[in-house]
Amino acid sequence: MNTDAEIRIRVQQQFGRVARAYQTSPTFATGIDLELLLRLAAVRPGERALDVATGAGHTAKLLAQHGAHVIALDLTPSMLHVARETLREADSEGSCLFLAGDATALPLRSASMALVTCRIAPHHFPSPHHFLAEVARVLQPGGRFILVDNLGPDDPALAHALDELERQRDPSHVHSLSRRAWLDGLRTVGLVPDVVMEVQRWHNWKEWTERSGMTSDQRAELEAWFLSQPALLAYLGAHVEEGSILGFRDDKLIVRAWRR
């Protein structure tokens with residue numbers, strides 16, 4: 001079992017070496033999940049917003065462009081450097097503060113944020129419960145939280161196989177939670193969901209594996225393993241032609257929840 005500290009080190013090592021790839025990745029720079037996050041956030045000009053695990057800064061950029069004063073927080077310094085570039089290129093750097101920090105121990109005052117967002121990151125966190133508790137702590141009463149993350153299946157065997165696929169591709173992956181686990185966790189910390197939806201995106205196999213910095217040998221090994229998992233191939237709707245994986249479906253959970 002990895003300790004929380006070991007998981008954080010692995011995250012910094014992994015994303016430190018591939019930060020630039022996340023700036024240009026279409027999965028992160030665009031997508032229906034990003035559009036829905038912005039719509040659900042309903043940004044109010046001048047309000048304080050926190051984007052947790054901001055990565056290359058794509059969510060923070062949109063929040064700033066819609067008038068929020070944004071804190072872009074990430075555990076990995078090189079990711080924050082790339083995020084700053086993303087906002088600078090969009091002429092939004094002046095509306096954003098870049099802060100190195102841990103999602104499970106946010107370096108912010110209680111009840112200081114009107115809006116918190118986190119997109120496609122919590123499956124890397126060592127403790128989703130501590131993360132949600134921190135979100136609830138920093139949100140003002142009536143504040144809102146928008147979550148987007150990989151959706152794990154309810155079936156334990158499939159969940160294990162999906163985590164193994166993710167972990168072989170990116171060793172900083174921890175666990176993709178199910179819909180039920182997320183909703184139970186939100187309610188436990190006093191966050192009340194009012195919008196819950198699932199969207200499907202498509203991963204191009206080549207782009208997905210190259211983005212994480214895999215070598216050609218590692219990619220071939222992972223492809224062979226994936227092809228040996230018929231239940232997982234079916235669950236993810238994988239497109240296989242002549243023994244090669246072209247892509248697969250990726251389910252995202254999107255939730256808006258309010259602080260009591």
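The values are calculated or read from the model by the stated rules, or taken from the named source; none is laboratory data. Since this is a predicted model, take the numbers as computed values, not measurements. For neighbour counting, all protein chains shown are included, and Cβ atoms are generated from backbone atoms with ideal geometry for every residue, glycine included. In case anyone asks, the SASA skips ligands and DNA or RNA and just uses the protein heavy atoms, side chains included. Shrake-Rupley method; radii C 1.70, N 1.55, O 1.52, S 1.80 Å.
Yes or no, residue by residue, for (1) under 23 Å from GLY16 (Cβ atoms); (2) outside any strand (DSSP E or B); (3) of a type in the set (A, V, I, L, M, F, W, C):
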site	(1), (2), (3)
PRO141	no, no, no
PHE145	no, no, yes
ASP149	yes, no, no
GLY152	no, yes, no
LEU158	no, yes, yes
LEU162	no, yes, yes
LEU165	yes, yes, yes
GLN168	yes, yes, no
HIS175	yes, yes, no
- What number goes with the only condition from (1) open to solvent by less than 60 Å² (accessible area, probe 1.4 Å); (2) in a helix (DSSP H, G or I); (3) among the basic types (Lys, Arg) that LYS206 does not pass? (1)
- Task: Would you confirm whether any residue within region 180-201 is open to solvent by 70 Å² or more (accessible area, probe 1.4 Å), more than 24 Å from ALA103 (Cα to Cα) and not in a strand (DSSP E or B)?
- Result: no
- For region 135-155, enumerate the residues that are within 28 Å of LEU222 (Cβ to Cβ) and open to solvent by 30 Å² or more (accessible area, probe 1.4 Å). ASP154, ASP155
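Of the residues LEU165, LEU132, LEU158, which is touching a residue at least 40 places away in the same chain (Cβ under 8 Å), of a type outside the set (Gly, Ala, Ser) and more than 22 Å from LEU222 (Cα to Cα)? Reasoning before the result, please.
Numbers: LEU165 fails: more than 22 Å from LEU222 (Cα to Cα); LEU158 fails: more than 22 Å from LEU222 (Cα to Cα).
Only one candidate passes the filter, namely LEU132.
Restricted to region 236-260, and to residues that are outside any strand (DSSP E or B) and surrounded by 18 or more Cβ atoms within 10 Å (Cβ to Cβ), which residue is farthest from the chain's Cα centre (by Cα)? Steps first, please.
At the first step, the residues of region 236-260 found to be outside any strand (DSSP E or B) are 236-238, 242-243, 260.
Cutting the leftovers down to surrounded by 18 or more Cβ atoms within 10 Å (Cβ to Cβ) gives us 236, 238.
Values: LEU236: 19, ALA238: 22 Å.
Residue satisfying both the conditions and the ranking: ALA238.
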- Cross-chain or 6+ apart pairs with Cβ under 7 Å, region 197-211 first and among the charged types (D, E, K, R), then at pLDDT 95 or above and open to solvent by 20 Å² or more (accessible area, probe 1.4 Å): GLU198/ASP251
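Taking PHE98, is it over 24 Å from VAL196 (Cα atoms) and not acidic (Asp, Glu)? Before you say what the answer is, go through the steps one by one.
Working: over 24 Å from VAL196 (Cα atoms): yes; not acidic (Asp, Glu): yes.
Yes, satisfied.
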- Just to be sure, is ALA49 modelled with pLDDT of 95 or more, open to solvent by less than 10 Å² (accessible area, probe 1.4 Å), in contact with a Gly (Cβ under 8 Å, 6 or more places away or on another chain) and over 17 Å from GLY31 (Cβ atoms)? no
- Task: Working carefully through the options PRO107, PRO126, find the one that is of a type outside the set (Val, Ile, Thr), under 14 Å from ASP74 (Cα atoms), open to solvent by 10 Å² or more (accessible area, probe 1.4 Å) and part of a loop (DSSP other than H, G, I, E, B).
- Result: PRO107
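Could we say that ALA64 is out of contact with any Lys or Arg (no Cβ under 9 Å at 6 or more places or on another chain) and crowded, with 18+ Cβ neighbours inside 10 Å here? Before you say what the answer is, go through the steps one by one.
Numbers: out of contact with any Lys or Arg (no Cβ under 9 Å at 6 or more places or on another chain): yes; crowded, with 18+ Cβ neighbours inside 10 Å: yes.
Taking the combined requirement at face value, the residue satisfies it.
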- Subset of region 34-52 [within 15 Å of the chain's Cα centre (by Cα) and among the acidic types (Asp, Glu)]: GLU35, ASP51
- Message: So for region 79-93 (the condition being within 24 Å of VAL192 (Cβ to Cβ) and surrounded by 17 or more Cβ atoms within 10 Å (Cβ to Cβ)), does at least one residue qualify?
- Response: no
